[in-house]
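Structure record follows, encoded as structure tokens.
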Amino acid sequence: MVQSFSTSFVFGILSSFGDIRGHGFAFFISPSNDFTEAFPIQFLGLFNSTNNGSLSNHIFAIELDTIQNIEFADIDNNHVGIDINSLNSLKSNTAGFYNNNKNATFTKLPLIGSGPIQTWVEYDGNTTQINVTIAPLGMEKPVRPLLSLTFNLSIVLTTEQAYIGFSSSTGLSTGHHCVLGWSFGMNSPAPIIDSTKLPKLPYLGPRSPSKLLEIILPIASAILVLAIGTIAVILVRRHLRYKEVHEDWEVEYGPHRFAYKDLYHATKGFSSKNLIGVGGFGRVYKGVLPKSKSEVAVKRVSYNSKQGIKQFVAEVVSMGHLQHNNVVKLFGYCRRKGELLLVYDYMVNGSLDKYLYGDENTLDWGQRFKIIKGIASGLLYLHEEWDKVVIHRDVKPNNVLLDKEMNGRLGDFGLARLYDHGTDPQTTHVVGTIGYLAPELVHRGKATTLTDVFAFGIFVLEVICGRKPMIEETQSQVMLVDWVIQNWNKDSLLNTMDTKLQG
């Protein structure tokens with residue numbers, strides 16, 4: 001059973017840029033002090049996108065939040081909430097206090113820029129009532145709490161010992177969360193905080209200029225005006241050239257995001273000399289990253305819709321964890337307005353289709369069989385052996401790349417989708433390449449591991465026969481699979497083998 005406790009703390013939230021705010025601040029109790037898996041930004045360093053709301057968290061928190069997050073059903077961008085295992089508060093209210101007058105009138109209290117604010121959090125182990133109260137420092141504690149909730153914390157805090165502390169995050173904007181004083185009592189009121197002994201909040205405003213600055217500033221200003229007039233156009237051009245799209249939710253993907261400027265220089269400005277592939281969904285350029293000198297392939301994909309972009313980027317980052325000898329490594333992404341850039345490991349021998357239909361050296365049967373086995377192994381990994389099910393949705397020779405040992409690697413995950421094992425894939429609009437689409441995909445619009453296997457079957461026929469999935473005849477088109485079946489029925493199956501393999 002969780003015993004009664006009472007805590008009081010004095011805090012201040014400051015912004016360097018007026019009303020531009022970062023994310024909030026929380027007091028919490030947890031059985032663990034390991035938050036290495038927690039996300040910053042809106043998750044306040046307590047949870048992540050997977051475990052938010054999980055009963056296994058065993059976390060009690062009071063959030064003092066300064067951004068309204070729709071995903072957590074926040075009531076506004078200045079609120080206090082009681083949280084159990086989740087940032088979807090069980091109870092919340094606009095930050096403020098009830099005056100100790102006859103009518104107990106409510107006064108709003110901005111959490112940012114109001115100076116030091118005192119908070120009281122109390123829990124009665126007998127009645128299981130939680131009370132939360134806030135007020136400006138120096139004001140008598142309001143009799144009526146801001147929040148009251150009956151909830152048995154013994155359900156959440158199940159261990160004999162727990163950690164108590166604070167957590168905060170700022171997101172993309174700069175902010176300061178300061179705890180000036182704190183007291184805590186078990187089975188007794190929290191000791192009174194002596195406000196006269198508390199440190200001052202840091203000053204973030206402008207400092208008064210010195211005499212020397214008063215003399216130098218007019219001269220420097222004149223020079224600056226001339227300099228700005230000279231370089232403004234250059235700066236604007238550079239800014240537009242390297243401008244990216246950043247959104248708050250992308251902060252957690254920082255290590256997987258490339259700077260557009262680096263990719264621009266890596267590909268020599270996406271020069272036509274660096275162009276190594278053109279497909280229906282974008283162009284692919286060879287590049288050398290400026291810092292690491294690693295060779296990469298950068299695919300530029302047009303993307304004009306905002307719908308699904310968050311899920312798509314999340315899946316791209318997840319697929320960056322794929323590790324298999326027959327799967328091309330996906331390093332990360334970059335995003336600009338209307339455009340996504342996917343960064344892959346560079347495969348020196350290019351795509352398989354160039355060897356089947358282009359001017360490259362002919363592949364012998366041993367090489368072809370090795371490639372087929374490799375892609376089968378890669379698909380098995382994606383479908384059954386990784387943490388999630390990856391449905392590629394575009395298995396074909398153009399997307400099979402060859403490394404320096406001529407091993408086949410499945411690449412281009414621009415159309416791929418992730419699902420949990422045991423779940424049913426959602427119906428979507430049909431994507432892929434004509435000739436590789438399974439009949440049930442066309443009719444039902446649902447891509448599954450089986451539709452990938454169908455495309456793999458067409459891929460195998462294509463590698464063996466040296467023919468594309470749609471065969472042009474005199475006045476019509478014949479599907480490769482139908483052509484093979486026709487030859488099978490005529491007992492002339494060997495005639496379907498690639499003539500380059502027949503000597």
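Hey, can you tell me all the residues within segment 288-343 that are surrounded by 15 or more Cβ atoms within 10 Å (Cβ to Cβ), of a type in the set (Ser, Thr, Tyr) and at pLDDT 80 or above?
TYR333, the sole residue that qualifies.
Can you pull out every residue in segment 167-194 that is of a type in the set (Ser, Thr, Tyr), out of contact with any strand residue (DSSP E or B) (no Cβ under 6 Å at 6 or more places or on another chain) and modelled with pLDDT under 90?
Residues of segment 167-194 of a type in the set (Ser, Thr, Tyr): 167-170, 173-174, 183, 188.
Applying the additional criterion that residues be out of contact with any strand residue (DSSP E or B) (no Cβ under 6 Å at 6 or more places or on another chain) yields 169-170, 173-174, 188.
Correct list: SER169, THR170, SER173, THR174.
Could you run through segment 345-400 and say how many residues are of a type in the set (Asp, Glu), over 20 Å from GLN323 (Cα atoms) and outside any helix (DSSP H, G or I)? Step through it out loud before you land on a result.
Step one: filter segment 345-400 for residues of a type in the set (Asp, Glu), giving 345, 353, 359-360, 364, 384-385, 387, 394.
Narrowing the set further to residues that are over 20 Å from GLN323 (Cα atoms) leaves 353, 359-360, 364.
This time we only want the ones that are outside any helix (DSSP H, G or I), so: 359-360, 364.
Residues flagged as of a type in the set (Asp, Glu), over 20 Å from GLN323 (Cα atoms) and outside any helix (DSSP H, G or I) within segment 345-400 amount to 3.
Restricting attention to segment 46-69, does a residue exist that is assigned by TED's automatic domain parsing to the domain that holds VAL143, closer than 22 Å to ASN131 by Cα and acidic (Asp, Glu)?
Within segment 46-69, one or more residues are assigned by TED's automatic domain parsing to the domain that holds VAL143, closer than 22 Å to ASN131 by Cα and acidic (Asp, Glu).
Do any strands (runs of 3 or more DSSP E) lying entirely in segment 1-102 carry at least 2 residues that are among the aliphatic types (A, V, I, L, M) and farther than 20 Å from TYR123 by Cα, and which ones are they?
Working: elements: 5-15, 25-30, 60-65, 79-84, 91-94, 96-98.
Correct list: 5-15.
For segment 92-103, give me each residue that is more than 14 Å from LEU64 (Cβ to Cβ) and surrounded by 15 or more Cβ atoms within 10 Å (Cβ to Cβ).
Within segment 92-103, the first condition is being more than 14 Å from LEU64 (Cβ to Cβ), and the residues that meet it are 98-103.
Matches in segment 92-103: TYR98, ASN99.
Hey, ASP74 hits all of (1) under 26 Å from GLN161 (Cβ atoms); (2) without any contact (Cβ under 8 Å) to a residue 40 or more places away in the chain; (3) crowded, with 21+ Cβ neighbours inside 10 Å but one; which does it fall short on?
Exception for ASP74: condition (1).
Residues of segment 104-118 being buried (at least 18 other Cβ atoms within 10 Å of the Cβ), part of a strand (DSSP E or B) and either touching a Ser or Thr at 6+ places or on another chain (Cβ under 7 Å) or modelled with pLDDT under 95 (or both), which ones?
Passing the criteria: ILE112, GLN118.
Of the conditions (1) in contact (Cβ under 8 Å) with a residue 40 or more places away in the chain; (2) surrounded by fewer than 16 Cβ atoms within 10 Å (Cβ to Cβ); (3) in a strand (DSSP E or B), LEU418 satisfies every one except a single condition; which number is it?
All conditions are met except number (2).
In segment 73-103, what count of residues is obtained for those that are under 24 Å from SER154 (Cα atoms) and either under 25 Å from the mean Cα position of the chain (by Cα) or among the charged types (D, E, K, R) (or both)?
8
Can you tell me which residue in segment 130-173 is surrounded by the most Cβ atoms within 10 Å (Cβ to Cβ), limited to those that are of a type in the set (A, V, I, L, M) and free of Cβ contacts under 8 Å to residues at least 40 places away in the same chain? If you could, list the steps in order and put the result at the bottom.
Quick first cut of segment 130-173, residues of a type in the set (A, V, I, L, M) only: 130, 132, 134-135, 137, 139, 143, 146-147, 149, 153, 155-157, 162, 164, 172.
From the residues that got through so far, the ones that are free of Cβ contacts under 8 Å to residues at least 40 places away in the same chain too are 135, 155.
Numbers: ALA135: 21, ILE155: 13.
Across segment 130-173, the extreme among qualifying residues is ALA135.
Of all residues in segment 41-56, count the ones that are surrounded by fewer than 20 Cβ atoms within 10 Å (Cβ to Cβ) and touching a strand residue (DSSP E or B) at 6+ places or on another chain (Cβ under 9 Å).
Summing the residues that are surrounded by fewer than 20 Cβ atoms within 10 Å (Cβ to Cβ) and touching a strand residue (DSSP E or B) at 6+ places or on another chain (Cβ under 9 Å) in segment 41-56 gives 1.
The values are calculated or read from the model by the stated rules, or taken from the named source; none is laboratory data. Computed from a predicted structure; not experimentally measured. In this analysis, Cβ positions are derived from the backbone assuming ideal geometry, glycine residues included, and neighbour counts consider all displayed protein chains.
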